[in-house]
1. What is the set of long-range amide H partners of residue 72 at a cut-off below 5 Å, with H atoms built 1.01 Å from backbone N?
2. Determine which lysines satisfy two conditions relative to residue 352: a Cα distance under 21 Å, and not lying fewer than 8 residues away in the same chain.
3. What's the longest bit of the chain with no exposed GluC sites (Glu not before Pro), using DSSP loop states and at most 13 other Cβ atoms within 10 Å as the test?
4. Quick one: what are the phi-derived ³J(HN,Hα) couplings along segment 177-191, Karplus 6.51/-1.76/1.60 with θ = phi - 60°, whole Hz, x for glycine and proline?
5. Subtracting the Cα-Cα distance from 0.36 nm times the residue separation, let me have the gained length for residue 115 to residue 291 in nm, one decimal.
6. Pull up the cross-link candidates among the lysines for residue 98, meaning alpha carbon to alpha carbon under 22 Å and not fewer than 8 places away within one chain.
7. Can you return the aspartates and glutamates within cross-link range of residue 180? Criterion is Cα-Cα under 13 Å, with same-chain partners fewer than 8 residues away left out.
8. What are the residues whose amide H is under 5 Å from the amide H of residue 278, where those residues sit 5 or more places off or on another chain and H is modelled from the backbone?
Amino acid sequence: MKKRIIGIFLAVAMLVPAVFTVSASAASQSELPQALLLYTGFTRNDGKGKYPTYTDDDLKTLWNMTHEFIICSGNTRYNSFDLDEGMQEIVSPEDIDKITSKDIDAGQSVSAIQKQLDEIYNGVKEGYGTVTLDSLAENVALLVNRLITASDESSDLAIWLPLPTVDFKTLADNFETPYKLYMDKLEERIGPTNFDDYVRGFYWGTEAIATVYTPFNANSPSTNFGNQLVDLMDSIGTKARSMGKQFLWCPYMAPTNDGNFLRTGNVINRLDIFDYACIQPGYYFNSSAVNNLYSVRDSAQDNVVYDYNGKAYGTKTSDTVIGVTMEIDDGVIDAEENNRYWAYTQVFTPIKDSVPIAFYASDATNTMNKTVQNYLKAFFNG
């Protein structure tokens, strides 16, 4: 089966044109992103697992495919930090106890939300003092410096730095100061010169503005829709620009309308928070999401986010440039996933030179899989 799949790929790949355009430098930010996601840091909230490491040869191989990278921290919950302020939690049980009805979606139960957040807290408390923003900054800075070495200090290298997932969405305000301190710590650890030369921007890792946990007033864009997570995104975006950097988001589109994408679409279309938004179709991981391929394509092509029925979420007034997240992992050796990935290439090939692209290939083990490598080479190098 593997030989058959690779054979089909090699035959067709010859027909695929080269698509990667290298940015002049990280500081020259006019080129559309064409970036591969790389993972680092902890995989477990208790600090007992880490993402597999890319070898030096791995990074050189990836550098020969693309010159732009988005560093990611995955779904790990970073709920403690020092950052020269003394070790402390971002969210505590006392914070959860203070939640009121104005902090959550209309019609939701405060006690039910508090119970769910208590469960999240209990899942992260073992990582206190270990799974910290400081540790993430250290891991990210190490990967940045290794990428610089792999590129032979090329001015073509462009890197996006991660902001971790916010799972305590109701208490998003708690993350503003720690995240800004973390951004400063990243600049310090990477070094001002390398930060200026190679860092293009920051990547917002929270992939949705979840319903239930936060309110949202679609008629009030001037107040960030009355949503505390959007307030946080806005504040972090402002901080990124004050550092001379851009802001990138890769939100997901669920297979069916669950209410989350209405929030995503309104933020992208109507607020100038992000420079780029590369939408995840999700079809590679869920066969029922096939229509998302076409919705995401149309949204990127027309630079306006459409809902599940092809209607825009409000009038597009923002300057955010909409793109696509390609998706693959080592499951592509199986027939179903292979066919789904091939559908991505068919739908997005006609627009991939003209829209931002983020390419998800999971962790180092998946990314460096030989079959995945063949597909990445075909996409980035043609």
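Bear in mind that the values in this text are calculations on the coordinates, not laboratory data. Since the structure is predicted, the reported quantities are computational estimates derived from the model, not experimental observations. All Cβ positions, even for glycine, are placed from backbone atoms using ideal geometry, and neighbour counts span all protein chains on display.
1. 38, 39, 40
2. 377
3. Numbers: sites that count: 85, 153.
In the chain, the maximal stretch lacking such sites is 154-382.
4. 5, x, 5, 5, 5, 4, 4, 5, 5, 4, 4, 5, 6, 6, x
5. Gain in length upon complete extension: 59.8 nm.
6. Once the sequence-local lysines are set aside, what remains near residue 98 is 115, 125, 169.
7. By straight Cα distance, residue 180 reaches 82, 84, 85, 134, 188, 234.
8. 249, 250, 323
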